[in-house]
Each structure stands twice: as C-alpha cells, then as structure tokens.
Amino acid sequence: MVQLGNKWKVSAVGDAAKRPQRDLERVKSELKQSRERCGKLEILTKLSHLLNSSLDFAYVKKEAITAATELLDCEASSLLLKDERGKLFFEVALGEKGEIVKRFRLKMGEGIAGWVAMHDEPLIVLKAQEDPRFFKDIDQAAGFITKDIICLPLRIKNTIIGVIQGINKRTGEFTHDDLDLFQSLADQIAIALDNARLYEELNEMARQLVDGLSEAIEKRDSYAGGHPQRVLHICMAIAKYLPLSPEDKRQLSLAAILHDIGKVGIADQILTKDGRLTVEELEIIREHPRIGATIVGNIKQLRPIIPGIKYHHEHYDGSGYPEGLHGEEIPLIARIIAVADTYDAIIHERSYHRGVSKGEAVAEITENTGTQFDPKIVTVFAQALDNGDI
C-alpha cells in the first residue's frame, strides 16, 4: 500500500511538473489562433474597403473573387450570379481554368452552388468528390480536382442574387471560423454588387437620355450630321494618352456628345442660315454654351459635365467665350473638346466655309497652339493622329 501510495505520489508530482508546460503550450496555441484571426480581420477590413471604393461593376466582380481567394487562402474562387431564367452562371472564376469554367450554367439545385442558392444556406464540403451534390462535369472539362468547397449565398433584401465559393484550402481545411469571416465578406460583396448594378443602370439611362438629346441637336442643325459622334470619337482618342480616371473619361464622353446641346435654344433661321452670320447673329450663336449648361443643369446626374459644355469655346489665351477664361482656368474636358470640335468642324464643309484636308486642319490647329488651344492637348492630339486613333 505504501509502495502504491508512493507511486501515486510520484505520478501526481510528475503531472504537476508537466502542467505548466501544457498550460504554456495551450496559451501559445491560443495566441497563435488569435493572431491569425486578427490578421484575417485586417484582410477583411482592407478587402471591404476595396470593394466599396468603386462603382464599376466589372471591377467589383473581379475584386470580389480576389478578396475571397485571399481571405480564405484557397486555390480558386468563383462568383455565380442568377440570370433571367433563374440559372447560375459563372460571372467571374479565378484560377488557372477560369475561362473554361465560365462556359457552364447550373440549374437551381444543381451542384454545390445550385444547392446553396436553392436552399439559401451556406455549406462547407470537405470531400467534394464523394458528395452526391457535387457537379463533376466542370472538373472534367477543366482538368481540375476539387477537394473541398466553401460556398455562401449572396442576398439583396432577402433575394438570392447568386453564390460565391472558395475551392481547395491551401493549408488545412475550411472551418466554421472561415465560414464566419466569409459570410462577412459575402455581405459586403452583395452590397457592392448591388450598388454597382444600380450605378450601371443609372449610367445606361443617362446614356440613353444623352443619345436622345444628341439626336435632337442633329435634327435641329442640318450641318451637325454625325458631328457629336465624331467629336466624341476624337475626344476619346485624345483621352487615351492622358492620365484620366474611368470616371473622368465617362464625363468627357458625355460632355463631348452634348457639347452643342445649347443649339436647341437657337432660332432655326440663325441655326440653319445658308451663308455667313451677321455680328448680331454670331452673338446669339455664342450663347449656346450657356444655354447648354442650363439645360444639362436641370438633370442631376449630368451636372458634373457642365464645365465641358459651357467652356468648350474658351481660348487658352483668354480671348474665348462665354467668360474669357485663361489657360488652366479652363476645365480640362473643355480644352479637350475645343480641339476635337474645331478639328471636326474645319474638315467638314459648312455653308460658310469649305472643308479642308486633314493636313490643313492640323496645320491650322498647330498655328493656334497657345492662343486658342492648350499646347499639351494639341501635342496629345497629334500623337493620337500619328498612331491612327483619329
């Protein structure tokens, strides 16, 4: 009994000696897990900011997939959205076989993604090849082996718009912690996609409105046939060589096609006069930039393009109209439109002048560099011409 008691005592002492070491290892493990979770939360915060930094639909879709892959540390990710028939299509698929995958469409309930979309439930599948819901045709076509999947529904106001999934965890396997983080990201992605979609629809509506207004100009002015579209083309060719953001280019395109919208407020006998205008008539014509700015100012979404419309007849040396702005006081989009507008006007025949060759037009614009036109824009214009963009 004593011996047994001594053995028990030795064992107890041994356990007591090992306990601090086990506690230390447990604390280290917990600290490591906490650091990893904090790191993922930092990634999630950064990715959420990126997703909400743009309203460009294509950019948001691509960033959504990049974000999912980075956050989950997986081999590939994909975003599937519902089409008008209720099928899921691969809007974006990130990975070596992305383009092959994008050819497939899944019915609701078909595959892991279809199951998630139909049941509105997140899913982790650790052995995808053994799961009866797994759709093997995609792997066979892509020559890819799906090992595990984490898939979440994307919702907007309780409506499923699609799913997002991560495939093949690089280290370990997908966990419920991954699911929680991925859910936070999926919520951000759904909001960003919806905002971008709404913005795209507004842009399309604005574009249709612009096209209608542009057509109204052409119907009023028989000499304007195709002029707004040609000015748009020249402006975008120039913009190609300037450090403009996508939004800058969008505003330039709208201002270019509407730069003469104010002419709808000019009397027909002046606007369509066959011959040179009198001084008084010329003064009336010179009101069209102000009239155009007023018209566009009534449409909230088009107000940012007012400077391009109002000031495209200002001269770099301050001798233009309507306000006599000088140099870089003239908004950049107006300086671009000024070159494009003049070039197109002088190479096409009007009642008051004959059309000239492109070479003559370039010579005239070059001659007026620094007086009528911004030298930097003329240089870029010449570059676009030389490269065949105009």
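Summary table
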quantity: Test: residue in region 155-165 that is in contact (Cβ under 8 Å) with a residue 12 or more places away in the chain, crowded, with 20+ Cβ neighbours inside 10 Å and in a helix (DSSP H, G or I); calculated: no
quantity: Number of the exception - LYS169 against (1) surrounded by fewer than 15 Cβ atoms within 10 Å (Cβ to Cβ); (2) of a type outside the set (Gly, Ala, Ser); (3) more than 30 Å from PRO228 (Cβ to Cβ); (4) touching a residue at least 40 places away in the same chain (Cβ under 8 Å); calculated: (1)
quantity: In region 226-247, residue surrounded by the fewest Cβ atoms within 10 Å (Cβ to Cβ) [restricted to those that are assigned to a helix (DSSP H, G or I), in contact with an Asp or Glu (Cβ under 7 Å, 6 or more places away or on another chain) and in contact (Cβ under 8 Å) with a residue 60 or more places away in the chain]; calculated: PRO246
quantity: Residue count for region 51-109, restricted to those that are assigned to a loop (DSSP other than H, G, I, E, B), farther than 19 Å from PHE135 by Cα and either modelled with pLDDT under 85 or not charged (D, E, K, R) (or both); calculated: 5
quantity: Filter pass, ILE291 being within 28 Å of ALA267 (Cα to Cα), among the β-branched types (Val, Ile, Thr) and assigned by TED's automatic domain parsing to the domain that holds GLY226; calculated: yes
quantity: When residues of region 212-255 are limited to those that are of a type in the set (Gly, Ala, Ser) and modelled with pLDDT of 90 or more, the one nearest to GLY308 (Cα to Cα); calculated: ALA255
quantity: Helices (runs of 4 or more DSSP H) enclosed by region 305-390 - at least 3 residues per element that are of a type in the set (D, E, K, R) and either touching a Ser or Thr at 6+ places or on another chain (Cβ under 6 Å) or closer than 29 Å to VAL210 by Cβ (or both); calculated: 332-347
quantity: Residues of region 248-297 classified as assigned to a loop (DSSP other than H, G, I, E, B) and either closer than 18 Å to ILE336 by Cα or touching a residue at least 24 places away in the same chain (Cβ under 8 Å) (or both), total; calculated: 12
quantity: All positions within region 117-143 that are part of a loop (DSSP other than H, G, I, E, B) and either in contact (Cβ under 8 Å) with a residue 60 or more places away in the chain or of a type in the set (Gly, Ala, Ser) (or both); calculated: PRO122, GLY143
quantity: Odd one out for GLY318 among (1) loosely packed, with under 15 Cβ neighbours inside 10 Å; (2) touching a helix residue (DSSP H, G or I) at 6+ places or on another chain (Cβ under 7 Å); (3) at pLDDT 95 or above; calculated: (2)
quantity: Residues of region 167-204 classified as assigned to a helix (DSSP H, G or I), of a type in the set (S, T, N, Q) and over 14 Å from ARG155 (Cβ atoms), total; calculated: 2
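The values are calculated or read from the model by the stated rules, or taken from the named source; none is laboratory data. Quantities reported herein were computed from a predicted structural model and do not represent experimental measurements. As a convention, Cβ positions derive from the backbone with ideal geometry for all residues, glycine included, and neighbour counts pool all protein chains shown.
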